[in-house]
Amino acid sequence: MTIIADHPRPERAGILHLGLGSFHRAHQAVYTATALQSAGGDWGIVGVASRSRTVVDAMHAQDLLYSVATISPDSISLSVPGVHTDAFVGAEQPERVVAQIADPGIRIVTLTVTENGYSYSAATQHLDLDDATVRADLGGGAPRSTIGQLARGLQARAAAGAAPLSVLSCDNLSANGAHTEKLVREFLQALPHGEGTDTLAYLDQSVAFPSSMVDRIVPATTPELRDRVSALIGSRDEIPVPAEPFTMWAIEDRFAGGRPAWEAGGAVFTSEVGRYEQMKVRLLNGTHSLIAYLGALRGVGTIPEAIGLGDIAQAALSVLRGEYEPSIEVPSGVDIREYETQLFERWGNSALGHRTSQVGTDGSVKLRQRIPEPALQALGRGEMPHLIALTVAGYLSCIAPLPGFDPGVHATAMTDAARERLAALAATARDGRALAARVITELQLFGDGLAAQDGFVERVGELIDTIRRQGVAAAIADAVAASDTITSSFTSAEEMQP
């Protein structure tokens, strides 16, 4: 048997997607499949993997099809989106990426390249002109960076007088549409001899950069899932994608050349994308990071195992309600208590098996998006954000442990571009306070705002020392007890769990 799509396949592509990973295949592709079923249209997707051939080769071997396994503790359901018309590896064919962006049939470019894929300086929030790949892309030839590919593709599109285009970021970046547009414009402005002038004018007239917020937990695929899915469909699927039942997509409805009927799949078109983004990045992602680091340090490998520990659940509730929630504006029509209850249900989905090492990876980039503003707001109110400080202490204890401290196999499995640099700082630090000062104040890993907050830096250092000397359970107890956000009006962590 062969894998069969859930609906008629699109004949032509209208979307180019950069970042052909599991999240895209379980999120945007699923919404697009539903849109095509509902309203039709030439909205097939050409998928571009950044570097790895694994998914691309498997998709071509499987007629560009794969299964999405929606997993809950009680059931597993399968769907086959069937919306991709082609797939290739961008690193192997960078000139093709440019050609596809210039193709007048492509009307939307979507991106899931992670926060690391935008080639910007975390300190300045501008394009990192010192990055070797960006410098090479500015010099000419087939571009390798995502921003370089977008800019060169738009340059070719402008030169050909092509139709309007929308560039839709689906990554966890603040105001991701405006952020992407700014970086593309900075690349074009940096081209020598005014080479980008005509393209900048084309952007003004014919290119839109709407913002969006995406949300669905998509763990890594396991050999066990491959075997289970293959048995259920009666055909071998090498690249099934596991995903939770919950899914959300909030999009700014500002498209230059049309769009699929994504609302048919439940996408929300709204002027409040920023509020949805704050809610997700802080309440879900910020708390998720805390659960991952504490869980790894407690020796557990999955998020459900971690949130199943009472003290971690209490820490999660405390940071969620007391430190993140005051920093957000809730989107219109969203019941924040229902949303928070859903978060605990999602984290407790034991059938999903989301690993602490996966959630904790790339904290140097993720945490910078999640913690500075709510921490600074709390400090501005005269409150110490003890649980956000514990998040940072947990992160550093996992990624850059002080000499003699073993964070365990799950922490060691986390990857982070800053690990080597942070480990070098930890290797000569006399204690947690010294490490926190080096990372937060001197390196400014979380921005210049927190770098100036001596009390916060001191608190992070204290908690690092507590983790090292007394264990993570003691640090959790310390932070929760010290937090003045726990009141009798709070729902208990046990009641929030499924």
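The values are calculated or read from the model by the stated rules, or taken from the named source; none is laboratory data. Here the structure is a predicted model, which means the values were calculated and not measured. Neighbour counts are summed over all protein chains in view; Cβ atoms, including those assigned to glycine, are modelled from backbone coordinates with ideal geometry.
Of note:
- Lone unmet requirement of (1) without any contact (Cβ under 8 Å) to a residue 60 or more places away in the chain; (2) of a type in the set (A, V, I, L, M, F, W, C); (3) assigned to a helix (DSSP H, G or I) for residue 167: (3)
- For the stretch 221-263, filtered to residues that are touching a residue at least 60 places away in the same chain (Cβ under 8 Å) and hydroxyl-bearing (Ser, Thr, Tyr), the residue that is nearest to residue 37 (Cα to Cα) is 247.
- Every residue from the stretch 407-465 that is part of a helix (DSSP H, G or I), of a type in the set (S, T, N, Q) and more than 24 Å from the chain's Cα centre (by Cα): 441
- Condition check for residue 90: more than 19 Å from residue 182 (Cα to Cα) and over 21 Å from the mean Cα position of the chain (by Cα): no
- Qualifying residue in the stretch 184-206 (condition: within 28 Å of residue 268 (Cβ to Cβ), touching a residue at least 40 places away in the same chain (Cβ under 8 Å) and outside any loop (DSSP other than H, G, I, E, B)): yes
- Sub-7 Å Cβ pairs linking a first residue in the stretch 405-432 that is more than 18 Å from residue 391 (Cα to Cα) to a second residue that is of a type in the set (A, V, I, L, M, F, W, C), at least 6 apart or interchain, are 425/400; 425/435; 425/439; 429/402; 429/435, ordered by first then second residue.
- Where strands (runs of 3 or more DSSP E) fall entirely within the stretch 41-102, those with at least 1 residues that are touching an Asp or Glu at 6+ places or on another chain (Cβ under 9 Å) and closer than 21 Å to residue 162 by Cβ are at 44-49, 84-89.
- Close contacts from the stretch 367-387, counting a first residue that is over 19 Å from residue 284 (Cβ atoms) and a second that is at pLDDT 95 or above and among the aromatic types (Phe, Trp, Tyr), with Cβ to Cβ under 8 Å and a gap of 6+ residues or different chains, come to 379/456; 384/456.
- Options 250, 261: the member that is over 19 Å from residue 397 (Cβ atoms), within 16 Å of the chain's Cα centre (by Cα) and not polar (S, T, N, Q): 250
- Any hit, the stretch 234-247, residues being out of contact with any strand residue (DSSP E or B) (no Cβ under 9 Å at 6 or more places or on another chain) and either assigned by TED's automatic domain parsing to the domain that holds residue 304 or part of a helix (DSSP H, G or I) (or both): no
- Residue 33 small (Gly, Ala, Ser), under 30 Å from residue 348 (Cβ atoms), part of a helix (DSSP H, G or I) and out of contact with any Cys (no Cβ under 9 Å at 6 or more places or on another chain): yes
- Sole residue being in contact (Cβ under 8 Å) with a residue 60 or more places away in the chain, under 26 Å from residue 116 (Cβ atoms) and part of a loop (DSSP other than H, G, I, E, B), chosen from 16, 20: 20
- Qualifying residue in the stretch 216-225 (condition: assigned to a loop (DSSP other than H, G, I, E, B), among the charged types (D, E, K, R) and modelled with pLDDT of 95 or more): yes
- Check on residue 109, crowded, with 17+ Cβ neighbours inside 10 Å and outside any strand (DSSP E or B): no
- Filter result for the condition that a residue is at pLDDT below 95 and outside any strand (DSSP E or B), over 357, 350, 318: 350
- Test: residue in the stretch 382-396 that is at pLDDT 95 or above, assigned by TED's automatic domain parsing to the domain that holds residue 295 and farther than 24 Å from residue 312 by Cβ: yes
- Criterion: assigned by TED's automatic domain parsing to the domain that holds residue 143, in contact (Cβ under 8 Å) with a residue 40 or more places away in the chain, farther than 18 Å from residue 101 by Cα and surrounded by 19 or more Cβ atoms within 10 Å (Cβ to Cβ) - qualifying residue of 37, 62, 28: 28
- Taken together, the criteria place residue 177 among residues that are in a helix (DSSP H, G or I) and touching a residue at least 60 places away in the same chain (Cβ under 8 Å).
- Failed condition for residue 77, given (1) surrounded by fewer than 16 Cβ atoms within 10 Å (Cβ to Cβ); (2) touching a residue at least 40 places away in the same chain (Cβ under 8 Å); (3) over 26 Å from residue 207 (Cβ atoms): (2)
- Scope the stretch 184-223; condition surrounded by fewer than 16 Cβ atoms within 10 Å (Cβ to Cβ) and within 24 Å of residue 67 (Cα to Cα); matching residues: 220, 222, 223
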